[in-house]
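The values are calculated or read from the model by the stated rules, or taken from the named source; none is laboratory data. Note that the coordinates shown come from a computational prediction; the quantities given were computed from them, not determined experimentally. Note that each Cβ is placed from the backbone with ideal geometry, even for glycine, and that neighbours are counted across all protein chains shown. Ligands, DNA and RNA are excluded from the accessible area calculation, which covers all protein heavy atoms including side chains. Shrake-Rupley method; radii C 1.70, N 1.55, O 1.52, S 1.80 Å.
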Amino acid sequence: MYSAIVFLPLLGALTAGLLGPWIGDRAARWATTGALLLAAVLAVIACVQVVLSGPPRDIEVMRWIVSGNFEVSWALRFDTLSAVMAAMVTVVSSMIHIYSFGYMAHDKSIPRFFAYLSLFTFFMLMLVTSNNFVQMFFGWEGVGLSSYLLIGFWYDRPAANAAAIKAFLVNRVGDFGFALAIFGIFMAFNAVGFDTVFQAVPAMADKRFVFLGMDLPLITTICLLLFIGAMGKSAQLGLHTWLPDAMEGPTPVSALIHAATMVTAGVFMVVRLSPIFEYSEFALAVVAIVGASTALFAASIALVQNDIKRVIAYSTISQLGYMFFAIGVSAYSAAMFHLITHAFFKALLFLGAGAVIHAMADEQDMRKMGGIARKIPVTYALMWIGSLALAGLPPLAGFYSKDLIIESAFAAGSGVGYYAFTMGVIAAAFTAFYSWRLLMMTFHGAPRAGQEVMSQVHESPKTMTLPMMVLAVGAIVSGVALAGLFTGGDQGQFWGTSIFVAQSHTAQADSHNVALWVKVLPIVVALGGIMVAWVFYIRNPGLPGVLAARFAWLYSFLLNKWYFDELYDRIFVNPAKRLGRSLWLGGDGSLIDGVGPDGIAAATMALARRAARLQSGYIYHYAFAMLVGVAVLVTLFMFEGGAP
């Protein structure tokens, strides 16, 4: 059963990808979706079994790499952490597969699309069920490959190609850090298996090494390199620029990869490696500061974006920041709690945005929407549920998980914790504002689309609305249903050995005892954000334009995403282009080709032209040449002593 959970999506991907042209669109859809649905059922059963039975289960598939004394097995680990992730990935993926029946109904490459979706799910499952660093890296890179294929699925669109390349390259920066960390782990521990490394970490906690004349702490260096890898996959501040552009892919791709699964791989990786991170206070502080800064940074950009998918994309980056600063104060189970609840309501919001785009004839600009609530009431109601959960209002899922993270940061009692708490509260206010800004610009007010578009606005088919309803149920009940298990008094027994927290790190336990104002503040600021959005876009819709003109510099700063893309273009992209062009023209063109193939060819052609000039066509020229030849031969013969 455990192996089937992982390999059923691969079977579906191979069926649709290799046999798609022969079996047709319908069979390809059902082959992949049926495999995912079966995997989801098995994953839920496995999750229940693992939680109830206690000890983790390792299923060896085969011996993978054998080189001298170095051996790596391909094995599947099912402990509580892996089982929870596998259940979430398969359930959300299967819903998105069903949703794609309607959304991609008129696409010309349906088998290829569903094959890519299932292939991504396989690699994600391989990542979360790995029991060693090499296998995790295999899944990690496979997820990156699948993301590239899905973002650039519409390869005839230049913007999609550019977004796919950008995602691939930015992720390679993080992946390089992850690879260096794995090299360092093998050099330090002579092993790549999780259990072996985790058991040896306490003895290595104070070890140092010298690199380029610098005396560096071993564990902290490894943790920072690992976190660089996590920053790339989870789009944290500095390596975030790929995710908003990735919205060029189909909306189901945005929901699957950039809301529920791939972008949470970095969070999962750091939680999985908590036995290493817990021995580096500095690394944890870096994680908390980067996460808190990302939460505020991305939320501030989402305030002014006009593309409905980009608003949700920046919201995803912000929510990932919450998960990371929870990890930074050792509230790992709170981070996992928010990861699961976020998967439901963010996937719901992306699919809801897809339903809106579908209804509005592929329009994504919210400034060209409005007044469609009554035309698509089901989508409208579901978007309300997702937005309430995202804003963190009770009793929806986001309230339980996000507020626990904010309270844990305050309970940490450190400067880093207070910084994260402050950033988290401000980001919560921003989140509520941009969530309701999206709702009001999209569904309320006077219609801003043309009459032809408005006359065609319609509710999505059931293949799209039913998966959204399933996700809406998760967004409503997952918080109250999982709070006790994930973060309650018995959380240690629930997570078992899959999460390790040092005894001195008590922030999450202490979060239950913080002052009442700390618990109430996130709700108050969320309600305030909603009220401000109502004033701006319903009560006085001209006010945003006035403020944008009054504070044009700030509006431009946020609208242009803090100018990170422009900065990277100036520092990295343009110099790289100039260097590449000079190497192409000067090195490859002038030096290599000029001296090498082109030079030899040019010399041969010049020699041939000169030889061709000797062929004048006049007999006396040829006779004269023959006489000269005879004279030369006679002269040589005489000088060599050949004459009698």
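Structure above, values below:
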quantity	calculated
Separation between Cα centres of region 237-274 and region 7-21, rounded to whole Å	24
For Leu76, distant residues with modelled amide H under 5 Å away	Ile59, Glu60, Val61
Solvent-accessible area of Tyr116 with every protein chain in place, 1.4 Å probe, in Å² to the nearest 10	50
Extended-chain gain in nm, criterion 0.36 nm per residue less alpha-carbon gap, Val520 and Arg374	49.1 nm
Lysines whose Cα lies under 28 Å from that of Lys577, excluding same-chain neighbours fewer than 8 positions away	Lys166, Lys233, Lys561
Options Leu627, Gly266, Thr15, ranked by Cα towards positive dipole end of the chain, top entry (Cβ charges)	Leu627
Percent accessible area from carbon and sulfur atoms, the chain, protein chains only, probe 1.4 Å	68
Prolate/oblate/rounded call for region 405-550, Cα gyration tensor, a/c under 1.5 rounded	oblate
Those lysines that a straight Cα-Cα span of less than 28 Å connects to Lys462, excepting residues fewer than 8 apart in one chain	Lys108, Lys309, Lys346, Lys368, Lys375
J(HN,Hα) series, region 565-572, from Karplus relation 6.51 cos²θ - 1.76 cosθ + 1.60, nearest Hz, glycine and proline x	5, 5, 5, 5, 4, 6, 7, 10
Solvent-accessible heavy-atom area per residue, rounded to whole Å², over the chain at 1.4 Å	43
Whole-Å distance, taken between Cα centres, linking region 118-153 and region 437-505	24
Over the chain, volume per residue of the alpha carbon convex hull, in Å³	272
Listed residue (Leu256, Ala86, Tyr537) projecting farthest to the positive dipole end of the chain, Cβ model	Tyr537
Estimated vicinal HN-Hα couplings, Hz - region 508-513 in sequence order (Karplus 6.51, -1.76, 1.60; Gly, Pro = x)	5, 5, 6, 5, 6, 10
Cα-centre dipole for the chain with unit charges at Cβ (Lys and Arg positive, Asp and Glu negative), debye to 20	1360
Hydrodynamic radius of region 277-435 per Kirkwood, over alpha carbon pairs, in Å	15.9
DSSP H segments from the chain that extend 18 Å or more along their own axis, Cα-based, with Kyte-Doolittle mean of 1.6 or above	110-128, 218-233, 281-302, 462-487, 516-534, 619-639
Spacing of the two label points (7 Å from each Cα toward its C-beta) at Phe557 and Ala205, in nm	4.3
Per-pair calculated FRET efficiency, R0 = 25 Å: Leu145 and Ala105 via Cβ, rounded to 0.05	0.40
Computed [θ] at 222 nm, deg cm²/dmol, the chain (DSSP H ≥ 4; -39,500 (n - 2.57); rounded to nearest 500)	-23500 deg cm²/dmol
Selected from Ala283, Met440, Ala160, residue furthest toward positive end of dipole (the chain; charges at beta carbon)	Met440
